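Notes to accompany the following structure.
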Amino acid sequence: MKFTLNWLKDHLETEASLREITDSLSMIGLEVEGVEDRAEALKAFTVAQVKEARQHPNADRLRVCIVDTGEQEVQVVCGAPNARSGMKGVFAPVGSYIPGTDMTLKAGKIRGEESNGMLVSEREMGLSDEHEGIIDLPEDAPLGAPFAAVAGLDDPVIEIAITPNRGDCLGVRGIARDLAAAGLGTLKALDSGPVEGSFESPIKWRRDLPADRQGACPYVAGRYFRGVKNGPSPKWLQDRLRAIGLRPISALVDITNYVTFDLNRPLHVFDADKVKGDVVMRFAEEGAEILALDGETYRLDGEMVAIHDDAGPEGIGGVMGGELSGCTEETQNVFLEVALFDPVMVAKTGRKLGIISDARYRFERGLDPQSAVWGVEVAARLVRELCGGETSHVVSAGELPDTQRQVSLRPERVRDLGGIEVPAERQKEILERLGFAVEGSNGALTVTPPSWRPDAEGEACLVEEVMRIHGYDHIPEVDLPRESYLPSAVLTPAQRRVSAARTALAWRGMMEGVTFSFVSEREAALFGGASQAMHLDNPISADLNVMRPTPLANLAVAAARNADRGYGDLALFEVGPQYHDDTPQGQATVAAGLRSGEEARRTWAAAPRPVDVFDAKGDAEAVLRACDAPVDKLQVTRDAAPWYHPGRSGVLRLGPKVLAQFGELHPRVLKALDVRGPAVAFEAFLDAVPLPRAGRQKPSLLELSAFQPVSRDFAFLVDEEVSAEKLLRAARGADKTLISDVSLFDVYQGKGVEPGKKSLAIAVTLQPRDATLTDQQIEVVAQRIVQQVTSATGGTLRG
Amino acid sequence: MDNLEQLQSSLIDRVASAADLESLEKLRVQALGKKGELTQRLKTLGSLSPEERKEAGQSLNKVKEAVNAAIETRRGTLEEAALEARLAEETVDVSLPARPAEMGRIHPISQTWEELVAIFGEMGFSVAEGPHIEDDFHNFTALNIPEEHPARQDMDTFYLRPAADGTRKVLRTHTSPVQIRTMLAEKPPIRIIVPGRTFRADHDATHSPMFHQVEGLVVDKTTHMGHLKGTLTAFCRAYFGVADLPLRFRPSYFPFTEPSAEVDIGCSREGGELKIGPGKDWLEILGCGMVHPKVLANCGIDPEEYQGFAFGMGIERIAMLKYGFPDLRIFYETDLRWLKHYGFVPLEQPSLVRGS
């Protein structure tokens, strides 16, 4: 909402400075977004007179002018064709900044003649593109006066943000009322009394609405103006409209715009000679078309109220008037519309048609119903003043809705809810200044909100009104009382796991990304796809049109992007959501990671190694370990999702629960996303990891043995398909008390091992507890190990 | 005797001139080994008379000791020399770079999340979370944002495709639906913060279709706007690390709070650089207010008995202000260069008591 300082002063009697006014606006909830003080920008430019303009001796197109600035006479070289003796123009002295040329003036000589300043054009002042010549001011322009004042540009423009509840401040008068309540002056009286009509309007208002939809347009009023003259509006009106960014059109149209912004009362004027029959408020015919004032044709539907005459729809209720019955310079007879519409109906209509208009903006925020009464008078006064002619009596249809209601305010609520002590008398005074009627002073106040404040619904609203005018600065800072002396746990175990997973992966050298929850349908399809329900109805672009089935999709895309920038060796992870359906249970927290290229940077100390599936497995296990999953008890199966390499991927399971999957990314996925391989990835499903039992978990008691452990190596020849896990499990099970560790240290195929077989070598550590092991005891265990492994795997001990 | 002295001096000479440990050892064996010269001579003592044996024995032992001592001395010298040689040989160019062991980085959004938890945790808040895909009730209606309300239209809501019954789920436009979920599930007193993802259909230099908010909610019987101011003042001062940071509350409007306020923090922009602290300018950072009685009632909480405050702010915004990240969009691009530069090493969780 924009307005000028002088416009505000039409309604507000005040001595306050611009600064005081803008500071107050922000502090009463009308946030100032900007102040444009054009006089400040034009300060250097003053009215001057050219005493003498003579031909430059050395240049055909230049003139040497002696300029009287009001303080002194200076010589200026000027190239404008209209520079002439005796004229009044606008002078910029040496040292001033010229916005149009982005230069600061310097004294100098032009072709040998001194020049101390400049006579400027509109373009040079940054006011317009006009550059035919220097500005030619009227004879009576006061010498030495600031140009801004002479040109009517000395009126600062203030722009404020209006919150949706304060429709009443979409008119300058509402803003003035708030400022007056805040002590910045007094609200001037508005001349909205009746304007005497002299004849019956030949056009009448009618309403034709179903009984249960009367509220769509409860009331409409109008007037007929006969014999008006619709030329350009006066300069003061044009200046105001221009200042707030509106284009003056004609006196009649400018009046409607002016009243809209001045009093928050949208109006519409019909060219009465183009209206056929009476005008009727009713729901539009489904599919009816109307050419609106913006030059576009709109298709209406049966939920929209339109203004109809015998020819069809002539206006879209609360949104925009029609072009065919609109006023033009030739208009002589005018019919005025001052209506009330249901805010919801207007909002829906505007949204469906895609029209954003000043009228819609105001109607959907709720108008003062009384404005339909005084609106016809205010409009009539302006039409009569600016366009002459005769005014009819008021015609209307429907009834003004009764919005009067009472809200009770217990004065202590301002203290209890707002934290500020404000005496009841002061509360009453604030509310009254805002136009609320207040009864009672002891105990609860009975408050009647004014008709222009549909937002004031309950006690809390009144508390807010009192507080914002009294001043939020008075709110004290009070410590929130502690519920206990020491804070208790802030995070749930599941939330801690997210932190732990992040930390564990970052420690493994991976970079954390935070990526969008949506991906493209194509990307999603590579990772299991997104169901119909996971499609956005209004995506911002086709690249972001479905909810992601896994964060891995985003990481793979990011990997390709980084590789394109020359960073192909990378390790990325994200701990974030994936979406399966639209229920709260359909969202799961996943830690996903991706490594591509070489495992380590190329260095002098070691050969680089391409990443492989075991990097990803290690990452997955690290995350699970960080989340307290019993990693040693997990089984590995080979049924990872299809976006992994089928032969180089696995699933980590705890009983029936899938805790993670890992593997090389499928070459098809890499190709589709342009990811440079090799690339390995994992997804750990944090929600699937069982939560620890409540209470502090103690570690099992540590037994330190006094006896040296013994290590023995075994190599087994097994079929290729036998999993290492099976062999290790068998070996570990051979003697659960004595065997403290089994590790696999060699996998061999090739010379000496027949095709279809492989050699797996393990080191078994035996930890005696009671006495040093004898050779015989070791031998017994060794035999058990061989026996267990061969029976479990069908392998043989390698000789 | 001459013979013995000669032997001694000859042995000692040879020891002294032994070139390396190997030849010294050979010499030792020759002189003192089982078949060594001195050992042989000692063996011959048995054939002497006790008197002679004693004298000859003593002399021989003296020679043996002297040779032994000479060997040990020489060994020491040679060992020292060998060590020196080895050390010289083992010298490496220590200016070579160490083996790379890159530590990863934590994303600034996660770091800020942890900072929020650390500060509000000290004030007795716990962390609540909720689903990103919401229904109309939790995201709008219960929060006193009816259909066709201008505030709803302003939100640029993302919708999912309509279900069979025509209803459309939304991507939550704010973290406020978690207020509703919490109040429906728990009895007051309630004291939570809700950090998380939020979504709006808007994409330009300063808007991202996905961003993060943190919501705060306190509901009990006595909490008023002074507590809100106290809480946010304490938070902002701790978070930005500016003990005298001024805050300004301005009246505003949110459908789910009344009275409502926007909060500015003090700053200065001298020399084109934004500095947070006491200064001439103000910077808007969050919205807040007292929970609207209708919202409480919508959650089955009696607004005549209970009241409280709520606030919400953008996590990216406060991170950008604190750490000076210049651009919003790159937050979500997983650009290695950016992550490495602006990310945080995972050495320490933020904590007020540790001063981090």
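See the values below:
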read-out: FRET efficiency, 1/(1 + (r/R0)^6) with R0 30 Å, evaluated for residue B:91 and residue A:602 via beta carbons; value: 0.75
read-out: Modelled FRET efficiency - R0 60 Å, residue A:198 with residue B:275, Cβ distances, 0.05 increments; value: 0.35
read-out: Nearest-ten-degree value, helix B:225-240 long axis tilted from longest Cα axis of chain B; value: 30
read-out: Percent RCO, i.e. relative contact order, over the stretch A:493-688, from Cα pairs under 8 Å lying at least 6 residues apart; value: 22
read-out: Size of charge dipole - the protein assembly as shown - debye, nearest 20, with Cβ of Lys, Arg +1 and Asp, Glu -1, no other charges; value: 4300
read-out: Longest exposed-site-free window of chain B, the sites being trypsin sites (Lys or Arg not before Pro) in a DSSP loop that have at most 12 other C-beta atoms within 10 Å; value: B:36-220
read-out: Partner chain coverage, peptide B:170-180 - average Cβ within 10 angstrom; value: 1
read-out: Too-long pairs where the Cα-Cα distance tops 29 Å, listed order kept, from A:348/B:229; B:35/B:62; B:221/B:280; A:43/B:280; B:187/B:229; value: A:348/B:229; B:221/B:280
read-out: Percent of alpha-carbon pairs separated by more than 22 Å within the stretch B:108-342; value: 54
read-out: Positive-end residue, the stretch A:310-359 charge dipole about Cα centroid, Cβ charges, pick of A:343, A:332, A:318; value: A:343
read-out: In order through the stretch A:701-712: 3J(HN,Hα) via Karplus (6.51 cos²θ - 1.76 cosθ + 1.60), integer Hz, x for Gly, Pro; value: 5, 7, 9, 9, 7, 7, 10, 5, x, 10, 10, 10
read-out: For the stretch A:101-114, Karplus couplings with θ = phi - 60° (6.51, -1.76, 1.60), whole Hz, Gly/Pro x; value: 10, 6, 9, 9, 5, 10, 6, x, 10, 10, 6, x, 10, 5
read-out: Ellipsoid semi-axes in whole angstrom, largest first, where each is sqrt(5λ) of the Cα gyration tensor of the protein assembly as shown; value: 85, 41, 30
read-out: Kirkwood-type radius of the stretch A:696-799, with distances r between different C-alpha atoms, in Å; value: 14.7
read-out: Whole-number percent relative contact order across the stretch B:2-90, with pairs defined as alpha carbons under 8 Å at least 6 apart; value: 38
read-out: Restricting the stretch A:14-94 to GluC sites (Glu not before Pro) in coil, as DSSP defines it, with at most 15 other Cβ within 10 Å; value: A:15, A:71
read-out: Residue mean of other protein chain beta carbons inside 10 Å, A:416-425; value: 3
read-out: Residue B:79 versus residue A:639: modelled label distance in nm, points set 7 Å from Cα along the beta carbon direction; value: 6.7
read-out: Dimensionless Rg/Rh of the stretch B:2-90 - Kirkwood Rh, Rg from C-alpha atoms; value: 1.11
read-out: Residue-wise HN-Hα coupling along the stretch A:477-492, computed from phi with Karplus coefficients 6.51, -1.76, 1.60 (Hz; x: Gly, Pro); value: 8, 10, 5, 6, x, 6, 7, 8, 5, 10, x, 8, 4, 8, 9, 7
read-out: Under-5 Å amide H pairs with residue B:286, H placed in peptide plane, nonlocal only; value: B:263
read-out: Folded to 0 to 90 degrees: helix A:172-181 orientation relative to chain A principal axis, Cα; value: 80
read-out: Chain B: relative contact order as a whole-number percent, Cα under 8 Å and 6+ apart; value: 16
read-out: Stretch gain in nm, segment residue A:140-residue A:123, where the contour uses 0.36 nm per residue and the Cα spacing is subtracted; value: 3.8 nm
read-out: Partner aspartates and glutamates for residue A:276 [C-alpha distance under 12 Å; skip if fewer than 8 residues away on the same chain]; value: A:309, A:310, A:314
read-out: Ellipticity estimate at 222 nm from DSSP helix runs (n ≥ 4, -39,500 (n - 2.57)) divided over chain B, nearest 500; value: -13000 deg cm²/dmol
read-out: Dipole moment magnitude, nearest 20 debye, the stretch B:2-90 about Cα centre, only Lys, Arg, Asp, Glu C-beta charged; value: 540
read-out: Sites residue A:226 and residue A:43, calculated FRET efficiency, Cβ-Cβ separation with R0 30 Å, nearest 0.05; value: 0.05
read-out: Where labels lie 7 Å past Cα in the beta-carbon direction, separation of residue B:3 and residue A:479 in nm; value: 10.3
read-out: For q = 0.21 Å⁻¹, Debye-computed log10 I/I(0) when each Cα of the stretch A:123-202 counts as one equal scatterer; value: -1.01
read-out: Inter-chain Cβ neighbour average for residues A:376-382, partner chain, 10 Å; value: 0
read-out: Farthest positive-ward along chain A dipole, Cα basis, beta-carbon charges - from A:302, A:652, A:544; value: A:652
read-out: The stretch B:201-285: chymotrypsin sites (Phe, Trp or Tyr not before Pro) in DSSP loop, at most 14 other beta carbons within 10 Å; value: none
read-out: Check: chain B dipole with +1 on Lys, Arg Cβ and -1 on Asp, Glu Cβ, in debye; value: 700
read-out: Dipole-positive endmost among A:507, A:756, A:702 within chain A (Cβ charges, Cα centre); value: A:756
read-out: On Cα atoms only, tilt of A:459-470 relative to the major axis of chain A in degrees; value: 70
read-out: Loop GluC sites (Glu not before Pro), the stretch A:330-408, which have at most 12 other Cβ atoms in a 10 Å radius of their Cβ (DSSP); value: A:330, A:399
read-out: Residue A:104 versus residue A:492: modelled label distance in nm, points set 7 Å from Cα along the beta carbon direction; value: 6.3
read-out: CD proxy at 222 nm, helix term only [per DSSP H run n ≥ 4: -39500 (n - 2.57); per residue of chain A; nearest 500]; value: -7500 deg cm²/dmol
read-out: Projected area, mean over directions - the stretch A:205-398, Cα convex hull, nm²; value: 9.6
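Each value in this text was obtained by applying a stated rule to the coordinates, not by laboratory testing. Treat the numbers as computed from the prediction; the structure is a model and nothing was measured. Here the Cβ is made from the backbone with ideal geometry for all residues, glycine too, and neighbour counts use every protein chain on show.
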